[in-house]
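The values are calculated or read from the model by the stated rules, or taken from the named source; none is laboratory data. Here the structure is a predicted model, which is why all the values come from computation and not from measurement. A quick note on method: Cβ atoms are made from the backbone with ideal geometry, for glycine too, and the neighbour counts reach across all protein chains shown. We work out accessible area using only protein heavy atoms, side chains counted, and drop any ligands, DNA or RNA first. Shrake-Rupley method; radii C 1.70, N 1.55, O 1.52, S 1.80 Å.
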Amino acid sequence: MAFLELEHLRKFYGENEVVKDFNLHVEQGEFISFLGPSGCGKTTTLRMVAGFETPTEGVIRIDGRDVSRLRPNARDIGMVFQAYALFPNMTVARNVGFGMKVARRPKAEIEARVAEMLRLIGLPDLGERYPFQLSGGQQQRVALARALAARPKVLLLDEPLSALDAKIRVSLREEIRAIQKSLGITTIYVTHDQEEALSMSDRIVVMNAGVAEQIGDPFAIYGRPATRFVANFVGQLNTLRARLVDPAAGTVDLGGQPVTLGRPIPGPAGREVSLAIRPEAVALGALPGNDVTIEAPVREMNFLGSVIRIKAGLGAELVSLDLFNNAATRPPEVGATVPISFAAADVLVIED
Amino acid sequence: MKGNRFWAWSALIFGLIYFALPLIGMTEFSFRMRRGEYSFDAYRVVLADPNFRATFSYSVTLAVLTIILSVCLTVPTAYWVRLRMPRWRPVIEFVTLLPLVVPPIVIVFGYIRLYNTSSLLPLTGTITGTNALLVAGYTVLSLPYMYRAVDTGLRAIDVQTLTEAAQSLGAGWFTIMTRIILPNVLVAVLSGAFLTFAIVIGEFVLAALLNRPAFGPYMQLIGANRAYEPAALAVISFGITWACMGLIQLVTRFSQATRASR
Amino acid sequence: MSARPAAPAKASISLAWVGLLPFALFAFLFLILPTMFIVVGAFRTPEGAFTLANVRGLFTPSILAAFWISIRVSFWSALIGCLIGFAMAAAITVGRLPNGARSPLLTFSGVASNFAGVPLAFAFLATLGRVGLVTILLREWFGINLYATGFNLLSFAGLTLTYLFFQIPLMILIVTPALDGLRREWSEAAQILGATRFQYWRMVALPILWPTLLGTLALLFANSFGAVATAYALTGSSLSIVPILLYAQIRGDVLGDPHLGYALAFGMIFVTGVANAIYMWMRARSEKWIR
């Protein structure tokens, strides 16, 4: 039995079904991300776990206990909100101790726990400050400490970094992950930022239009996207139309050049198939291990600093590939025809 | 959550009953003049009274003068404070809020003693002087609302940039004031103006103590001597107040609509 | 706001205060000077010498009683106005009522908070006076003789009840934006940390609203303490509250001593001033968390 179980969750707002038959089992100590565009139902799902929304159908169990109809304050959950959810009228210490105070814990225990939590988030000396005296990053760390102080069974984070600067976002997400691991707390993290989801999670749930499109570890999500939506939403992706030539050998016609993937592709010969490949899987020139090499004209070139992104023509379509910037070698000219190569195993066949 | 909503409804309904009863009461009473049946007699009597017309138009005139004076004082001042003297803002704000703390009767008491016939500025000696003093007093009463409204209106526009842009095009202060600042805070000014109008129209203590024939003292006089006419007057002034507030809403909504369509 | 070019700023500083001159002159002549004149007059003999006799003259039973009833009416109408106004504002903001309730109530509050003075007195006389609608209906439908129960509109209770008609809406107008400023996250964070609704209100929402509530209480107090017209039109001179006493004194020198009038007016400023000082003191104490 999993620690946190969401079974057949559905949520209607009037006629509008915003979460459709959502199923998820989370193991104790696991870090799960809900990733998806805004309006995909990820926040609604999280709020159902928290108890701010009531599921129209389905069951939520924490540690074997059905909490679906419990009030939020009886669920034993910690939550970090987008931003500015600290109580402005309380010091940092009183914010962190709030959960234990309403639970009527002894004063000494609260003080000890608050000090411990402030050390954990690296702000041991700021207990007497008020929220307005803290930076955004510090405020969110305090919010994390507040959520964890009463030792909840589950931690929920609702886009906690989205209001912060890019640099603080990166350092804080590493810190959150480290704290989560050290405490071993079961965590659900909602984000629309794929980089956050990929870098922090044990498993990712990619959501779209109320449906969990794919559930898997970051490598699976990135490397083997199950649907076109996942493929497009997570990472950069070249999607190419090709015509199936030999279903058994997996040979397709890609912009007039035959390419053999070496694994069977279902369907009759002559049907159109969608292929996808990550820009970083495509190389300029032949490379050992890349078993497919084709000639393509350079159509565009974008200098992105450490990386140069080249767009090469394949028939009517463009394929992007990334080239690490190297001062010693000049990139090819626009218009020149160059050999590009990739491994057949890296090509994904996407079913529409 | 259900209990929550129950309390919300109870609070609202309790309040509505409290507010509705006097309004129903005064309306019903105003129709009772003719024995045994409801009629508009009280209104007919009131409206036919020449004193009603005289005092009412007197108060309207004073209200308009008050609004003009109030706008001329608050708009340039609020603008100037935002543009050049931001450090003085708390002081000015404090002064404009004083009329909420110092009771009007005290202020008018000061007027009577300060500007009597034997003083340096014998305003109460002449009718024109007394009228001027009354307008000044009403302007003081309107300050908290007017200044707040104008200052809020100015906050919404970038005074600094607008002024510099106008100056770079060769505009003088008068042009900046009338062509740039005033149109931009017009909604705020109008809101303040209607509120001022509502306050001045029924004001009693200043007019009574300065002995001017305004609408407020007239109503008080009727109230002391008649039975049904006061209720009719109350309905009329409630209507005026409602109209003023309605106009504020209308102006605000209209400006939001035009802003949205831009 | 920040660094402006030094040269033009310097050139304009010498002239900048001129822009404030009309306002300053007006405020001085028609607000500050008259008030000062009264305050100073309260401490002067008719010959112009300093004295405490005028203020001491306030400490007669009848004047003290007038102050006491004024303070009581103002305090209770402010406090009850705050409570009911707060409840109604909470009902339309955080009370999950249908959206249609909010806008009409706010508009009505704008009207009712300005529907004060003489006509308000008429409305209450027509409702709760001896032949008022409610008085008659109570008698005819329920057989209750309101005035036999000791109720009198021309009394402390009646005046408080009447003042509430503008106090409650004023509270609604002031506190609604403050209630709107309560973030949903605060209530949700409190809930998920285990707090009940009551604990949330006691530990989070009310402390956050506290400065606004205190300020409104002080404002409502001053608002009814200085009100003359309503009381005068309602009771004539039969109810002796301070503003009416002062009104009668100004009209006809009923106290027989013009300088006692100054002292009376000074007493009014003093009371509203103290109310505001208490407000500022409590606000400063509670407001460390505001930037």
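All but one of (1) open to solvent by 10 Å² or more (accessible area, probe 1.4 Å); (2) within 8 Å of chain B (Cβ to nearest Cβ) hold for C:Leu161; which doesn't?
Going through the list (1) open to solvent by 10 Å² or more (accessible area, probe 1.4 Å); (2) within 8 Å of chain B (Cβ to nearest Cβ), C:Leu161 breaks only (2).
Is it the case that the range A:9-24 has a residue that's of a type in the set (Val, Ile, Thr), touching a residue at least 12 places away in the same chain (Cβ under 8 Å) and closer than 21 Å to A:Gln180 by Cα?
no
Starting from residues that are facing chain C (nearest Cβ under 9 Å) and surrounded by fewer than 24 Cβ atoms within 10 Å (Cβ to Cβ), keep the ones in the range A:95-113 and report whichever is nearest to A:Thr186 (Cα to Cα).
Within the range A:95-113, the match that is nearest to A:Thr186 (Cα to Cα) is A:Met100.
Please report, ordered by residue number, the strands (runs of 3 or more DSSP E) entirely within the range A:158-263 with at least 3 residues that are under 19 Å from A:Ser33 (Cα atoms).
A:186-191, A:203-208, A:211-216
I need every pair where a residue in the range B:79-90 that is free of Cβ contacts under 8 Å to residues at least 60 places away in the same chain has its Cβ under 7 Å from the Cβ of a residue that is open to solvent by less than 80 Å² (accessible area, probe 1.4 Å) and polar (S, T, N, Q), sequence separation at least 6 or different chains.
That search, which allows pairs on different chains as well, returns B:Arg84/C:Ser12.
Starting from the range A:289-303, keep only residues that are in a strand (DSSP E or B), then list their pairs with residues that are of a type in the set (Ser, Thr, Tyr) whose Cβ atoms are within a distance under 7 Å, requiring at least 6 positions of separation or different chains.
Within 7 Å, the pairs are A:Val292/A:Ser341; A:Thr293/A:Ser341; A:Glu295/A:Thr337; A:Ala296/A:Thr337; A:Pro297/A:Thr337.
Checking A:Ser306 against (1) open to solvent by 70 Å² or more (accessible area, probe 1.4 Å); (2) within 16 Å of A:Ala242 (Cα to Cα); (3) within 26 Å of the chain's Cα centre (by Cα), which test does it fail?
(2)
When residues of the range A:319-333 are filtered for being modelled with pLDDT of 85 or more and of a type outside the set (Gly, Ala, Ser), how many remain?
Adding up the residues that qualify gives 2.
Return the pairs, sorted by first residue and then second, in which the second residue is of a type in the set (A, V, I, L, M, F, W, C) and open to solvent by 10 Å² or more (accessible area, probe 1.4 Å), the first residue lies in the range A:185-199 and is touching a residue at least 60 places away in the same chain (Cβ under 8 Å), the beta carbons are less than 6 Å apart, and the residues are 6+ apart or on different chains.
Every condition considered, the pairs that remain are A:Thr186/A:Phe3.
Condition (residue is open to solvent by 40 Å² or more (accessible area, probe 1.4 Å), touching a helix residue (DSSP H, G or I) at 6+ places or on another chain (Cβ under 9 Å) and part of a helix (DSSP H, G or I)) applied to the range B:205-222: is it met by at least one residue?
Yes, the range B:205-222 contains at least one residue that is open to solvent by 40 Å² or more (accessible area, probe 1.4 Å), touching a helix residue (DSSP H, G or I) at 6+ places or on another chain (Cβ under 9 Å) and part of a helix (DSSP H, G or I).
Would you mention how many residues in the range B:89-112 are within 7 Å of chain C (Cβ to nearest Cβ) and open to solvent by 30 Å² or more (accessible area, probe 1.4 Å)?
Total meeting the criteria: 5.
Pick out, from the range C:27-122, the helices (runs of 4 or more DSSP H) lying fully within it that include 2 or more residues that are more than 10 Å from chain B (Cβ to nearest Cβ), farther than 30 Å from B:Leu12 by Cβ and under 24 Å from the mean Cα position of the chain (by Cα).
C:61-93
When you scan the range C:183-238 for helices (runs of 4 or more DSSP H) that lie fully inside it, which ones turn up with 1 or more residues that are within 14 Å of the chain's Cα centre (by Cα) and in contact (Cβ under 8 Å) with a residue 40 or more places away in the chain?
Hits in the range C:183-238: C:206-225, C:229-235.
Can you find even one residue in the range B:201-209 that is more than 8 Å from chain C (Cβ to nearest Cβ) and at pLDDT below 90?
yes
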